[in-house]
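Engineer: Pasting a structure below so you can have a look.
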């Protein structure tokens, strides 16, 4: 069974500082991994996805994530935080479930606060 | 054009009432989902349909009944609403299909949510 763990339900960084949001997964098969962002009163939007083509994945808004199989991690980073990055971030793993259909498992989310 | 749209955006109702939430996607996707997000932001899958066929039903009370008249629409009807049903409900769609159309790297496209408040 697949699962996703996001360490830290709340992360605070100063504007201009490095953003690091942690995600660890467990999966019985090589997974597909995603990061989504949710701004207040909105749905989730795709930030980036890992599909085995490259271990370092670049996404929108300057975010990137590195897949490390040995650590079963897919941490999200951004070199310099902007105020507009304040949002909820979700990591998820996609695998095949019953009948071969896509099964998506979301982490519990990390709320990013950016301090001016 | 909004890719995944759901209505209404807000729904305030009393316990015991019946209500529906509608969802439509214009992305041509085969699979649609309903998720429930609670006050702590936890996302829980409720249902998934592929080409109008129910493929995931995650221990949701029978009071919740999804209906997919065609692959572009997935509606959610809730009977006898309870206080614990208060949450934000999200519709989503993806390109993913079954074994013959498997594409597990398909991201989900979400609607903006329906905030349901039961009083």
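The values are calculated or read from the model by the stated rules, or taken from the named source; none is laboratory data. Predicted model only: the values in this text are computed from it and were never measured. Ideal geometry is used to build each Cβ from the backbone, glycine not excepted, and the neighbour counts take in all protein chains shown.
Engineer: Restricting the range B:2-51 to residues that are under 15 Å from the mean Cα position of the chain (by Cα), in a strand (DSSP E or B) and away from chain A (no Cβ under 13 Å), which is surrounded by the most Cβ atoms within 10 Å (Cβ to Cβ)?
Structural biologist: B:21
Engineer: If I ask for residues that are loosely packed, with under 12 Cβ neighbours inside 10 Å, in contact (Cβ under 8 Å) with a residue 12 or more places away in the chain and touching a strand residue (DSSP E or B) at 6+ places or on another chain (Cβ under 7 Å), which ones from the range A:50-86 would you list?
Structural biologist: Of everything in the range A:50-86, those that are loosely packed, with under 12 Cβ neighbours inside 10 Å, in contact (Cβ under 8 Å) with a residue 12 or more places away in the chain and touching a strand residue (DSSP E or B) at 6+ places or on another chain (Cβ under 7 Å) turn out to be A:60, A:83.
Engineer: For the range A:100-116, what are the residues that are surrounded by 20 or more Cβ atoms within 10 Å (Cβ to Cβ), out of contact with any helix residue (DSSP H, G or I) (no Cβ under 7 Å at 6 or more places or on another chain) and at pLDDT 90 or above?
Structural biologist: A:106, A:107, A:109, A:110
Engineer: If you don't mind, there's one more thing I want to ask. Looking at B:74, B:54, which one is touching a residue at least 24 places away in the same chain (Cβ under 8 Å), assigned to a strand (DSSP E or B) and closer than 19 Å to residue B:30 by Cβ?
Structural biologist: Step by step, each of B:74, B:54 is checked, and only B:74 is touching a residue at least 24 places away in the same chain (Cβ under 8 Å), assigned to a strand (DSSP E or B) and closer than 19 Å to residue B:30 by Cβ.
Engineer: Ok, one more. Which condition from (1) within 14 Å of chain B (Cβ to nearest Cβ); (2) over 19 Å from residue B:94 (Cα atoms); (3) over 14 Å from the mean Cα position of the chain (by Cα); (4) touching a residue at least 60 places away in the same chain (Cβ under 8 Å) is the one that residue A:41 breaks?
Structural biologist: (4)
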